[in-house]
Amino acid sequence: MTARQLWLRIGQALLVLLATYTLAFILLSALPSDAIMARYASPDLGLSSDEINAIRAEYGADKPLIVQYFTSLFGFLTGNFGYSVQTGASIASMVAEALPGTLALAISAFVLACIWALLIAVAASFSRGLRGFVLGLPSLMVSLPSFWIGIILIQLVSFKLGWVPVIGASPVQSLILPALTLSIPIAAPLAQVLVRSIEDVERQPFISVVKARGASRSRIFFGNVLRNAILPALTIAGVLFGELVGGAVVTEAVFGRAGIGQMTVNAVANRDTPVLMAVVVIAATLYVLINLLVDLLHPVLDPRVRRKERA
Amino acid sequence: MNTATFKKPSVILASIILILAVLAALVPGLFTSHNPLSGTSGALLSPSLEHWFGTDSVGRDLYSRVIYGTRQSLLGALVAVLVGLVVGTILGLIAGAQGGWLDALLMRIVDVLLSIPSLLLSLSVIILLGYGTVNAAIAVGITSVATFARLARSQVISVSSLDFVEAAYGSGASRFQVLTRHILPNSLTPVIALAAVQFGSAILQLSVLGFLGYGAPAPTPEWGLIIADARDYIATSWWLTVLPGAVIIAVVMSANHLSHIVQKKAR
């Protein structure tokens, strides 16, 4: 990738981010009656219009939209995501508090998903008898509602078998079932891509050459096929991230775990639009960064891409 | 589609399940005589010949709630797919046919839609429109607009370069006529196939929104809501979650299986 292409790609990513922020601002902040009105204008609260105006001024909602837009944009760039309409707390500190729990969940689920996907790929390649069954697994996994997996796991592992206590579990124990739940919808697309790309690599002429030289099946698989097959899986990193975020929201709701997902669900329940907007903008930023990273890493990891670009 | 495809057992099974689901959505009375909204016998009865799926915490027949919930799910998924199909195709058609700055602008909007994780996009729509069956369906539909728009655009661009389009222009047809009579109909097959593929995932996404409580209001039988209601009884009453979940999985898997065959044939 030339320096020009590099800057073009980075510029494009920044443009998408600005557009995402703008759309989120228009939809969630400017339209139709803003969050503060929705929350405080209810007659039950008995606030006078002067009091409501004072609250609006406190949140900066009385200023012209264009001023609000740039104030809020500047805030997002400097890590100030605004204030919750529900509690008045700073959203940045809410995120900081909720993030570690969600991060632990997402990372352990992702690691588990990679293990499932690898197991499926290996089983499909090595066992003729299991192949049909194993190749059917991903399509079963994408058809499972993740909230249902979570509930069934609680039912089975906690109540029936008593392996993980329902109340008073240690932090590690309380991570097992949620991580397992979240790993299923992540593993499915990963396994699908991996199996397909293994089939592609196995058809390549160089595999026949290695075979002809007398390499063992497992040596070919782990030494040649898998190494080349993992790369295409990188391209769905963005998709997997989206699944992780959505899955984390559902999983945290099922298990009652504190985290970004729980925060998001509460925000929707209380019509706390600034919180939802912050979550949307942060998630979109991460998505764009991940895709940018994958694009930049691809030529580094795959010499063929580098050569093609130079040619 | 050739006859060999129809004879595969998995295809036959999936077709039967989907036909039953559609029948249940159209005439739920055909499958059950119990009332889905009011209790008849005791609460939390385990499955029996009288109550196939047992009864829930207020004594309602669970099987009839799942049957009546079929309409919510299938109709909602239909609305969701239609929203994605219609909005996405129109955007893609305009972008592909017009080109230039309009194309660039529409495709950047598509990039934005793709950059927001789909559940967060649905939740944003719900916080704007409020709760409810139709709003949840629209929210799910919005998440597929970008995919439809991209596919429709690439189809329109490739069809536009074909000879018969040139010929249509040459014989004096207006731009609008060529677009609606020639380009659009010839671009649609893969788009319709995508709509079929989206159907299963729309059912699943709707059940998630129902489970979180953003779909149909409380007494309405809705698949996600039925399972959410059962959460307090999982220690004692396995049937409340296992059986409705099994129905969701069977319908979603059948829809996915058939739609992938449709998509393969469309290529």
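Taking all Cα pairs closer than 8 Å and separated by 6 or more residues, the relative contact order of chain B comes to 24 percent. A Cα-only calculation for chain A places Rg and Dmax at 24.3, 86 Å. Its alpha carbons give region A:199-311 an Rg and a Dmax of 21.1, 66 Å.
Averaged over peptide A:14-20, the number of partner chain Cβ atoms lying within 10 Å of each residue's Cβ comes to 4.
For region B:78-148, the C-alpha radius of gyration divided by 2.2 N^0.38 Å, with N the number of residues, is 1.13.
Taking only the Cα atoms of the protein assembly as shown, the ratio Rg/Rh comes out at 0.98, with Rh defined as the Kirkwood radius. Considering only B:114, B:162, B:212, the mean-square fluctuation computed in a Gaussian network model of chain B, springs between alpha carbons under 10 angstrom, is largest for B:162.
Taking label positions 7 Å along the Cα-Cβ direction at both residue A:163 and residue A:302, the computed distance is 3.8 nm, reported to one decimal. Peptide B:126-135 has a mean shielding of 3, counted as Cβ atoms of other protein chains within 10 Å of each residue's Cβ.
Residue by residue along A:153-159, Cβ atoms of other protein chains within 10 Å of the local Cβ number 3 on average.
Using only Cα atoms and rounding to the nearest 10 degrees, what angle (0 to 90) does helix B:118-129 make with the longest principal axis of chain B? Roughly 80 degrees, rounded to the nearest 10.
With only the Cα atoms considered, region B:102-182 has a convex hull volume of 113 Å³ per residue. Entry note, chain A: relative contact order of 26 percent, from Cα contacts under 8 Å with a spacing of 6+ residues. Largest first and in whole Å, the equivalent-ellipsoid semi-axes of region A:81-126 read 40, 8, 6, each the square root of five times a Cα gyration tensor eigenvalue.
Which percent of the Cα-Cα distances in region B:51-191 go past 20 Å? It works out to 59 percent of all Cα pairs. A simple spin-label model places pseudo-atoms 7 Å from Cα toward Cβ; at residue B:35 and residue A:26 they are separated by 5.0 nm. Helix B:184-212 and the long axis of chain B differ in direction by around 30°, with both axes built from C-alpha atoms. Here r is the Cβ-Cβ distance between residue B:26 and residue A:57 and R0 is 60 Å; the resulting FRET efficiency, rounded to 0.05, is 0.65. Report note on the peptides A:13-20, B:166-173: ranked by the mean count of other C-beta atoms within 10 Å, highest first, their order is A:13-20, B:166-173. Label point of residue B:15 set 7 angstrom out along Cα-Cβ; within region B:241-255, amide nitrogens under 19 Å from it belong to B:251-255. Working note: Debye formula, equal point scatterers on the alpha-carbon atoms of region A:91-166, no solvent; log10 I(q)/I(0) at q = 0.23 Å⁻¹ is -1.10. Counting only whole DSSP H helices of chain A, the ones at least 30 Å long by C-alpha along their axis and with mean Kyte-Doolittle hydropathy no lower than 1.0 are A:3-24, A:91-126, A:173-202, A:273-301. Here each label is just a point 7 Å from Cα along the line to Cβ, and for residue A:140 and residue A:128 those points are 2.3 nm apart. Mean residue ellipticity, 222 nm, helices only, chain B: the sum of -39500 (n - 2.57) across DSSP H runs of n ≥ 4, divided by residue count and rounded to 500, is -24000 deg cm²/dmol.
With a Förster radius of 41 Å applied to the beta-carbon distance between residue A:5 and residue B:189, the computed FRET efficiency rounds to 0.70.
Each value in this text was obtained by applying a stated rule to the coordinates, not by laboratory testing. Just so you know, these numbers come straight off a predicted model, no measurement behind them. Glycine also receives a Cβ, built like all others from the backbone with ideal geometry; neighbour counts cover every protein chain displayed.
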